[in-house]
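Peer 1: If you scroll down you'll find the structure; I have some questions about it.
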Amino acid sequence: MKNSYEFVVYGPYALFTDPLTKIGGEKSTYQIPTYQALKGIVESVYWKPTIIHYIDAVRVMNVIRMESKGIRPIEYGGGNTLANYTYLKEPKYIVKGHFEFNMNRPDLESDRNEGKHNSIFQRALKAGGRRDIFLGTRECQGYVEPCSFNEGSGFYDDREEKIYFGTMVHGISYPDETGRNELEVRLWQPVMNKGVIEFIRPEECSEIRKVKEMTSKEFVLADIETADSLLDALEKGAMR
């Protein structure tokens, strides 16, 4: 398939939080990355409004460990306060996903060239992404490299019993991708089997919470760099 990819992502720390706890106070990470966090990492590698990334599975390579740190975040009213943040320590994941064309954007139909989008993605992946990679939050720098999904040994590869993580956030649904003028949060109950979590697609989530009314961002083809022009520039060595 020309629209699929696999890669490893890792870093010294990660902070995958419930988006409803983003504002202020103590923060504690989920034990595993959310679908949305992995999608954000993929979009930092390469994204255009023409395509939608879908995360198919993640393989947890390192043991799940946490570490708490005292942080002095800036308060909205000014000044600093002291808070404890609990991070995942030395997380490492192998991700499998693919992209599909955003059929809610018929105005970008002329940019639907699967082979060129995939070629750009693979080039960007080898370069470490077109934007900086963050593991859940900006203070957690991450790194990506091409990798086969079954490559290497994972800490949970031989664990027979399944691990249940309870109800957690799957992701956020934006109007650009759903065609609905609403911002929604999706919930689900992930299960890890021998280190692998198989993600359901966003439309398969049954627990959906509406956050607020929202409309799609306006794009026209002239506002974006098409796959044709971007790949031409890459082949000429003008950018990564």
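The values are calculated or read from the model by the stated rules, or taken from the named source; none is laboratory data. As the structure is a prediction and not an experimental result, all values here were calculated from the model. Cβ: placed from backbone, ideal geometry, glycine included. Neighbour counts: every protein chain shown. These accessible areas exclude ligands, DNA and RNA; they are computed on the full protein's heavy atoms, side chains included. Shrake-Rupley method; radii C 1.70, N 1.55, O 1.52, S 1.80 Å.
Peer 1: Just list whichever of Lys92/Lys217; Lys48/Lys92; Lys2/Lys162; Lys96/Lys212; Lys39/Lys236; Lys96/Lys194 have alpha carbons separated by over 24 Å in the model shown.
Peer 2: Table pairs above 24 Å Cα-Cα are Lys92/Lys217; Lys48/Lys92; Lys2/Lys162; Lys96/Lys212; Lys39/Lys236.
Peer 1: Distance between Cα centroids, segment 101-118 to segment 47-77: provide it in whole Å.
Peer 2: Spelled out, the Cα-based centre of one part sits 27 Å from the other.
Peer 1: Moving on to the next point. I'd like the FRET efficiency for Asp107 and Arg201, computed as 1/(1 + (r/R0)^6) with the beta carbon distance as r and R0 of 25 Å, rounded to 0.05.
Peer 2: 0.55
Peer 1: Let me ask something additional. What dipole magnitude, in Debye to the nearest 20, does segment 19-89 give about its Cα centre under +1 on Lys/Arg Cβ and -1 on Asp/Glu Cβ?
Peer 2: My answer is approximately 120 debye.
Peer 1: Can you tell me the length gained on complete extension of the stretch Ser229 to Gln189, counting 0.36 nm per residue apart and subtracting the Cα distance?
Peer 2: Value of the extension gain: 10.3 nm.
Peer 1: Give the shape of segment 36-116 as rounded, prolate or oblate, defined through the alpha-carbon gyration tensor: a ≥ b ≥ c are the square roots of its eigenvalues, a/c under 1.5 means rounded, and otherwise the shape is prolate if a/b is larger than b/c and oblate if not.
Peer 2: Oblate is the answer for segment 36-116, as a/c is 1.5 or above yet b/c matches or exceeds a/b.
Peer 1: Right, another one. Tell me the per residue accessible area of the chain using a 1.4 Å probe; a whole number in Å² is fine.
Peer 2: Roughly 53 Å² per residue, with all protein chains present.
Peer 1: Taking the mean number of other Cβ atoms within 10 Å as a proxy for protection, how do you rank 190-198, 78-86, 91-99 from highest to lowest?
Peer 2: My ranking of the peptides, most packed first, is 91-99, 190-198, 78-86.
Peer 1: Give the carbon-plus-sulfur fraction of the accessible surface of the chain in %, rounded to a whole number; probe 1.4 Å, heavy atoms of protein chains only.
Peer 2: C and S atoms contribute 48 percent here.
Peer 1: Okay, next question. How do the peptides 29-40, 136-147 rank, highest first, by the average count of neighbouring beta carbon atoms within 10 Å per residue?
Peer 2: Packing order, densest peptide first, comes out as 29-40, 136-147.
Peer 1: For a test of the definition: using alpha carbon positions, the gyration tensor, and the 1.5 limit on a/c, classify segment 40-177 as rounded, prolate or oblate.
Peer 2: Cα axes put segment 40-177 in the oblate bin.
Peer 1: Something else now. Under the rule of at least 5 residues apart or a separate chain, name every residue whose amide H is placed under 5 Å from the amide H of Asn102.
Peer 2: Result for Asn102 returns Ile51, Ile52.
Peer 1: Using θ = phi - 60° and the Karplus relation 6.51 cos²θ - 1.76 cosθ + 1.60, list the HN-Hα couplings for segment 84-101 in order, rounded to whole Hz, with x at every Gly or Pro.
Peer 2: Along segment 84-101, the couplings run 9, 10, 10, 9, 7, 9, 6, x, 8, 9, 10, 10, 10, x, 7, 10, 10, 6 Hz.
Peer 1: Given His117, Asn84, Pro73, which one lies farthest toward the positive end of the charge dipole of segment 1-119, if we put +1 on the Cβ of every Lys and Arg and -1 on the Cβ of every Asp and Glu?
Peer 2: The residue sitting most towards the positive pole is Asn84.
Peer 1: Right, something else. In deg cm²/dmol, rounded to 500, what helix-only [θ] at 222 nm does the chain give when every DSSP H run of at least 4 residues adds -39500 (n - 2.57) and the total is split over its residues?
Peer 2: -4500 deg cm²/dmol
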